[in-house]
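The values are calculated or read from the model by the stated rules, or taken from the named source; none is laboratory data. For clarity, every value in this text was computed on a predicted model and none was experimentally measured. Heads up, the Cβs are rebuilt from the backbone with ideal geometry, glycines too, and the neighbour counts pull from every protein chain shown. For accessibility, only protein heavy atoms count, side chains too; no ligands or nucleic acids. Shrake-Rupley method; radii C 1.70, N 1.55, O 1.52, S 1.80 Å.
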Amino acid sequence: MTAELVRGQNHPLSQSRLEIRISAGTPVAAAAALSDENGRIHGTEWVAHPGAPVQPGLEVSRQAAADHRLAVDLDAMTEAVHRVSVLLALPAANGGAGPARFGAVAAPFVAVTGLDGTEVASYTITGLDLESAVVALELYRRQGAWKVRAVGQGYAGGLAELFADQGLSGAAQLAAGIDEAVARGLARSVQAPPPRTSEGDRSRQAAAPAVGPDQGAAPQGAPGPVPPAYGGQPAGGQGQGGPQPAYGGATGPHASAGGGPVNYSHPRRQTSAPPPPPPAAPPAQPGQPTRPVAGDATGWSMEERLYNQVWGMFEDLARTAAAYRSAVDFAESRMDKELEQALSDPRSRIGGQGDAAREAARARYTQLVDQARASLDRDVAQLVAESEVVEPALPPAFACWDNPCWHAYRVPMEIPMALRLGDLRLPEAESIRIPMLLRLPLERGLWIDSGRTDSLDGSFTDSHDMRRLAMDTAVAHAARLLAVYPAGEFTVHVVDPAGSGAQALAPLTQTGVLAGPPAQGAAGVTEVLARLTQRVDLVQMALRGGAPDALPPGFDTSQQLLIVNDFPHGFDDRAVNQLRYLVDEGPSVGVHLMMVADREESAGYGPLLDPLWRALLRLTPVPDDHLADPWVGHAWTYEPPAVPHGSEVLREVLTQVAEARRTWNR
């Protein structure tokens, strides 16, 4: 199952020989930099680029192109190499004909695949504007294993600035050498033919594609049924008739035996209409910022545009808050330095001179902080205005429970890109909430922590109420997952050994959306875990044997979610091991876990369960600042999704889901 990464996210690599496939809307130069455990590039010989495309375990393309394939053999890397950074740059030596910044082209798409073409992880680099070079992703070694991380760090100064930021001496000379190598490659490439005039245009009828013995005939000139990959290119670059020749390929089965017409169409040229452009912002008044518009980010659908716009708002808030904090830190350090210098002379420690120096230092500090706060308030006001137009336009999967779109809810026909699990905010910008979107299908389980009883505002919730809130939060998450999946494609199981969650589970049990009644007691726990463990084993064996269709008749192929309440009550050692197995192996075959538990209650198992908790995404039933941002060091405050008090929207949605499921199973 492919991991669709977002900026900063990582994913383990189980293969050592890989391909990195790059798709961009314009020719780009691809390079790769090798670095040690500290991220330092030891010299220009540690960079593979079009002028020196081969390094131990690494080979890059020799010229700029819209599509690239980089070959990587991690086992062939020297012991000194701990990181491989994939770099993209817009060619500088293109005569001014091409774009000068990534913001003017489609978002580049990077995928890590096996040698058989199986996609392991992918990343769409969004949010670029003035940058002309970008660190797309990096493969890095951690505790003897390799992982891939989505980076997306751009540089407006091009490759020279990028290499200088990596601490490489001779960065400008290396960047110039790469540009020269790219220019030589462009000079050797075949130029596109000039456009035909209306007089000289001669239409050609496409010849029928070659048909193999195991293929049915297609209408002459009909496009193949292969669905377009990202960017609108046919997957694998083949049409219905198999591989086709490039330009000038008038030989082989595509040349007419009787001297008939030849198919000159490029097999990977996009023939379908491009997606409609995003909505344009209305013109702003002079001196006023542009009014925001919902869906003005990049993407091939409105859903993708809204998704990218939401995370663009997240990145904007992170950057402006980081700039404010940095300015305040600078102002404090400058004031301390000025005070230290002013008071270093004993003669100035007494009298009016020392008081004047202190007042001047504090005044400059206040001025700098006020300027930083004004900039922060301006940026936050723009984000609030954008949020006010984006929030009402969100589809149900992205929307909060009080959004009117839920009142017009219908069971979807397709799985959405992502799911909203709550909101994120920062203490410097209390007026804005950023939706927390998690890509689907889930790649890790969820842990609703019922142990913490104090909240950020100083209020205290007793353990009983915290357990109830945790189960309410789990039910809201499960209801949303059921609501965004098509009928029959998501199944929920519940393990409630002591029956303590019966009241919170009522919306699920009374509407009939569960696969069965909540399992109770040790026997119920054993039965559910054994059934799901067996399911994981069967699917894994079928996939490893290359026979996914060989599953038993009537096998439920839908995504599975197991909600566990009151862990470890009712769990023996065997059940605990099965739970760990489901956490480790389940997500790859569509079995996911949602734990509602207090970690302290399972302390008797010692470090045995530490990997389990680390493998789950921790969420809280009350606002908590536990979500860390590795890019700028923020601690984001997470707010769980809340159904409006007295609202029946959750039950109404689940009733529609249950009815659609009954209709599907008839």
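From the list Arg420, Arg425, pick out the single residue that is at pLDDT 90 or above, crowded, with 17+ Cβ neighbours inside 10 Å and touching a Pro at 6+ places or on another chain (Cβ under 7 Å).
Arg420
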- request: Scan (1) touching a Leu at 6+ places or on another chain (Cβ under 9 Å); (2) at pLDDT 90 or above; (3) surrounded by 15 or more Cβ atoms within 10 Å (Cβ to Cβ) for the single condition Asp584 breaks and write down its number.
  value: (3)
field: Meets criteria (in contact (Cβ under 8 Å) with a residue 40 or more places away in the chain, in a helix (DSSP H, G or I), more than 27 Å from the chain's Cα centre (by Cα) and closer than 15 Å to Ala658 by Cα) for Leu508
entry: yes
task: Any residue in the range 546-564 that's farther than 24 Å from Ala575 by Cα and at pLDDT 80 or above: show its pairings with residues that are outside any loop (DSSP other than H, G, I, E, B) and of a type in the set (Val, Ile, Thr) at Cβ separation under 7 Å, as long as the two are six or more apart or on different chains.
output: none
task: Find the residue count for the range 609-662, including only residues that are assigned to a loop (DSSP other than H, G, I, E, B), in contact with a Gly (Cβ under 7 Å, 6 or more places away or on another chain) and either closer than 25 Å to Leu582 by Cβ or of a type in the set (Lys, Arg) (or both).
output: 3
- request: Please find, within the range 24-66, the residue that is farthest from the chain's Cα centre (by Cα) out of those that are modelled with pLDDT of 85 or more and of a type in the set (Asp, Glu).
  value: Glu45
query: Exactly one of (1) free of Cβ contacts under 8 Å to residues at least 40 places away in the same chain; (2) in a strand (DSSP E or B); (3) farther than 22 Å from Leu162 by Cα is unmet by Ala48. Its number?
result: (3)
query: Of the residues Ala64, Ala3, Ala32, Ala89, which single one is out of contact with any Leu (no Cβ under 8 Å at 6 or more places or on another chain) and open to solvent by less than 20 Å² (accessible area, probe 1.4 Å)?
result: Ala3
task: Answer yes or no: is there a residue in the range 385-392 that is closer than 30 Å to Phe567 by Cβ and open to solvent by less than 30 Å² (accessible area, probe 1.4 Å).
output: no
statement: Scanning the range 51-76 for residues that are among the small types (Gly, Ala, Ser), in contact with a helix residue (DSSP H, G or I) (Cβ under 6 Å, 6 or more places away or on another chain) and either closer than 14 Å to Arg17 by Cα or without any contact (Cβ under 8 Å) to a residue 40 or more places away in the chain (or both) gives Gly57
query: Using beta carbons and a limit of 8 Å, which pairs, at least six apart or on different chains, have the first residue in the range 328-347 and free of Cβ contacts under 8 Å to residues at least 40 places away in the same chain and of a type in the set (Gly, Ala, Ser) and the second one assigned to a helix (DSSP H, G or I) and surrounded by 11 or more Cβ atoms within 10 Å (Cβ to Cβ)?
result: Ala342/Ser348; Ala342/Gly354; Ala342/Ala357; Ala342/Arg358; Ala342/Ala361
message: Looking for something open to solvent by 70 Å² or more (accessible area, probe 1.4 Å) and within 28 Å of Gly154 (Cα to Cα) - is there at least one such residue anywhere in the range 301-313?
response: yes
task: Could you grab me the full set of residues in the range 500-527 that are open to solvent by less than 20 Å² (accessible area, probe 1.4 Å) and under 24 Å from Asn577 (Cα atoms)?
output: Gly501, Ala519, Gly524, Val525
message: Restricting to the range 476-499, and then to whatever is of a type in the set (Gly, Ala, Ser) and surrounded by fewer than 17 Cβ atoms within 10 Å (Cβ to Cβ), can you tell me which residue is nearest to Ala658 (Cα to Cα)?
response: Gly488
statement: Only one of Ala372, Ala408, Ala381 is open to solvent by 40 Å² or more (accessible area, probe 1.4 Å), of a type in the set (A, V, I, L, M, F, W, C), at pLDDT below 95 and farther than 17 Å from Leu424 by Cα, namely Ala408
message: Take the conditions part of a loop (DSSP other than H, G, I, E, B) and charged (D, E, K, R) and apply them to Arg69. Does it pass?
response: no
query: In the range 617-636, which residues are touching a residue at least 40 places away in the same chain (Cβ under 8 Å) and open to solvent by 10 Å² or more (accessible area, probe 1.4 Å)?
result: Leu617, Arg618, Pro621, Val622, Pro623, Asp625, Leu627, Asp629, Pro630, Trp631, Val632, Gly633
query: Which of the residues spanning the range 108-122 are in contact with a helix residue (DSSP H, G or I) (Cβ under 9 Å, 6 or more places away or on another chain) and either open to solvent by 10 Å² or more (accessible area, probe 1.4 Å) or polar (S, T, N, Q) (or both)?
result: Gly117
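Residues checked against (1) among the polar types (S, T, N, Q); (2) closer than 12 Å to Leu139 by Cβ:
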residue: Ala33; (1), (2): no, yes
residue: Ala48; (1), (2): no, no
residue: Gly51; (1), (2): no, no
residue: Gln55; (1), (2): yes, no
residue: Ala71; (1), (2): no, no
residue: Val81; (1), (2): no, yes
residue: Ser85; (1), (2): yes, yes
residue: Ala89; (1), (2): no, no
residue: Ala92; (1), (2): no, no
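How about the range 138-148: which of its residues are touching a Lys or Arg at 6+ places or on another chain (Cβ under 9 Å) and either among the charged types (D, E, K, R) or assigned to a loop (DSSP other than H, G, I, E, B) (or both)?
Result: Glu138, Arg141, Lys147.
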- prompt: Going by the structure shown, is Leu162 in a helix (DSSP H, G or I), open to solvent by less than 60 Å² (accessible area, probe 1.4 Å) and under 19 Å from Ile125 (Cβ atoms)?
  reply: yes
message: Give me the residue from the range 587-616 that is closer than 15 Å to Pro497 by Cβ and crowded, with 21+ Cβ neighbours inside 10 Å and, out of that set, nearest to the chain's Cα centre (by Cα).
response: Met595
Out of Val81, Val110, Val120, Val135, sole residue that is part of a strand (DSSP E or B) and touching a Lys or Arg at 6+ places or on another chain (Cβ under 9 Å): Val110
Among the candidates Gly25, Gly98, Gly103, residue that is touching a residue at least 12 places away in the same chain (Cβ under 8 Å), out of contact with any helix residue (DSSP H, G or I) (no Cβ under 6 Å at 6 or more places or on another chain) and assigned to a loop (DSSP other than H, G, I, E, B): Gly98
